1. For A:Phe146 and A:His241, what is the calculated FRET efficiency with R₀ set at 22 Å and r taken between the beta-carbons, to the nearest 0.05?
2. When the helices in chain B are scored as -39500 (n - 2.57) per DSSP H run of 4 or longer and the sum is shared across all residues, what 222 nm value do you end up with, to the nearest 500 deg cm²/dmol?
3. On a 0 to 90° scale, report how tilted helix A:266-298 is relative to the longest principal axis of chain A, with both axes built from alpha carbons and the result rounded to the nearest 10.
4. Measure out, as a whole number of angstrom, how far apart the alpha-carbon centroids of segment A:144-201 and segment B:212-280 sit.
5. List the trypsin sites (Lys or Arg not before Pro) within segment A:3-38 that DSSP assigns to loop and that have no more than 16 neighbouring Cβ atoms inside 10 Å.
6. Rounded to the nearest 0.05, what FRET efficiency is calculated for A:Gln197 and A:Phe35 with R0 set to 41 Å and r the Cβ-Cβ distance?
7. Just to confirm the number: angle between the C-alpha axis of helix A:75-101 and the first principal axis of chain A, 0 to 90 degrees, nearest 10?
8. Which three extents, in angstrom, do the Cα atoms of chain B have along their principal axes, listed largest first?
Amino acid sequence: MINSRSAFSIYREKAIELLIRICGVSAIVFVFAIFFFVFRGGFPIFGDDRFGLWQFLTSPDWYPTSMSNVRYGTLALTAGTLSVTGVAMLIAVPFGLGAAIFVSEFSVGKTREILKIVIELLAAIPSIVWGFIGLTVMNPLIQKVFGVQVGLNILNAAILLALMSIPVIVSIGEDALKAVPDSYREASIALGATRWQLIYRVLLPAAKNGLLAAVLLGVGRAVGETMAVLMATGHAVHIPHSIFDSVRTLTATIAAELGEASEGSPHYSVLFLIGILLFTITFIVNLVADLVVKGVKNK
Amino acid sequence: MKQNPFILGAIALSATLAFTGCGKKSADSGDARKTEAISIQNIGSDTMVNLAQEWAEAYAKVDPNVSVEVSGGGSGVGVSALINGTCDIANSSRKLELEEVEKATAKYGGKHPLEHLVAFDALAIYVHPSNPMTEISIEQLGEIYREGGQISKWSQLGVTVPGGDEIVRVSRQNNSGTYHYFREAVVGKKADFKQGSRDMNGSKEVVDLVASTPDAIGYSGIGYRTNKVKVLKVSRKTGDPGVEPTIKTTLDKTYPIARPMFMYTPPGEPAEVETYLKWIVSEPGQKIVIHAGYIPLPEFAPKDAP
């Protein structure tokens, strides 16, 4: 075959391909670089006598700056992260999936456009603003509505995180629902199904991988959130007994204490170790979800 | 030949990446202190941040060539910046610990950082206005806040608070000089705080939370007092009469929980920093201290102070 392209255009193709490849690889490079950086920061703590991995994971006593009895127990902090995320998902998933179904199946034309724009706007609010809302608006509101003493608690932060996660769940959930071919819908209606039966028995099962991915991304957003929970949880280290208890999350602990820890000190390394712990929690959540999706696929 | 914008963009991108790659590596951010007379970096205590900001603004009128940049973060952050060499002046509402002095001395080639006493602060104990208590002792405060302390309900102190019986403890995060001072003066250096207190980010937030929570108690600088909270009189021992935090009682040491506030500088401070610090401990600087609600140095206390 006669090659009608000039040498320059061939090299140009190759150069562009190389550049795109570099961009793709760089994502992996950055992730590994972050892992490396965090592990290097956290590693020195293992050489410290006062540190014990079992104590780190299971003790609720967090006293890194004690003058007499230094203890690095993160159980209360982990409980804080998990409780706030859990309650947030309890609120966000029904609302988010409901909104996704509404936007995808029930709304048409202008309504749909406006709804999508407004939901995206919710995602654009900076998290520090959410924290401020939690501190000044939700605090007295929760005190009044539920009659509790302190409005800075799990419920406060959970509502904020839910509002932050809902746009994520709606966007991706709506895409997942849209991806279900119309032939499914047409077939169900032809068989005489009502709209709700169509959604509940046909669309949701068909889109469940995508919907699960949407929920997982929402969870990821909630677990990693720092500023809003720093301000809205009341920042108290203890294992909660009710949703009206104040807690402290792993992310807020790092944010609040890293500025003071001098580089290379045990406190500094322990905070990096908490970062590793966060990585691990997110990783486990994603792994479990992957397995569930695979299991669901094989059914 | 037609210029392809895509190629130009690609070349630009790779060039940028290469360029950033061979930038200078600043592991410890080197010597971020500027030695010209333009800006002074002032970091640290949250208790002092409003005061430091007022000083900075007033000093800009005195010497327009020098601009003082103030940021908070807590005394711990200021001390950390001093040790890492990233600030000119570190504000601290507590004295440097021995360990910190050693680290700083090591950083500055064997010379000690310089300590400047700039003002005093009375640590006020705040409660909600609806709380019938008027005074409290350091012993009782210790039992409330210390790990293993026995007091956790208002009825144990003999009062009934309209909000509820549980004492809601409001505290500070552990990067705070106020937190360190409270631990030293009330809880006991060798002991720790009881877990479960609401640890706020800054002095103002403590007062705000106490103002909106009927059964809360909290500690913060007297300069942060508002008319939405009540200040308790404090005595050393239970049963002794409580003393109110004022300029007079702080300076004559009858108010038991007051502390000096320091500004630390690296040794060999530039002339502009020295001039600024001299201005702070002179009449105009100390007038601002009184105006901001803090306690000035004894020689500048108003003669008719209450």
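1. Numbers: r = 15 Å, r/R0 = 0.69.
That pair, A:Phe146 with A:His241, gives E of 0.90.
2. Values: 10 runs with 98 residues, N = 306.
Rounded to the nearest 500, it is -9500 deg cm²/dmol.
3. With rounding to tens, the tilt is 30 degrees.
4. 52
5. A:Arg5
6. Numbers: r = 47 Å, r/R0 = 1.15.
Computed FRET efficiency for A:Gln197 and A:Phe35 comes out at 0.30.
7. 20
8. Result, largest extent first: 90, 47, 37 Å.
Only the coordinates and a few stated rules stand behind these numbers; no lab work does. These numbers come from a predicted model, not from an experiment. Neighbour counts run over all protein chains shown; Cβ positions are idealised from the backbone, glycine included.
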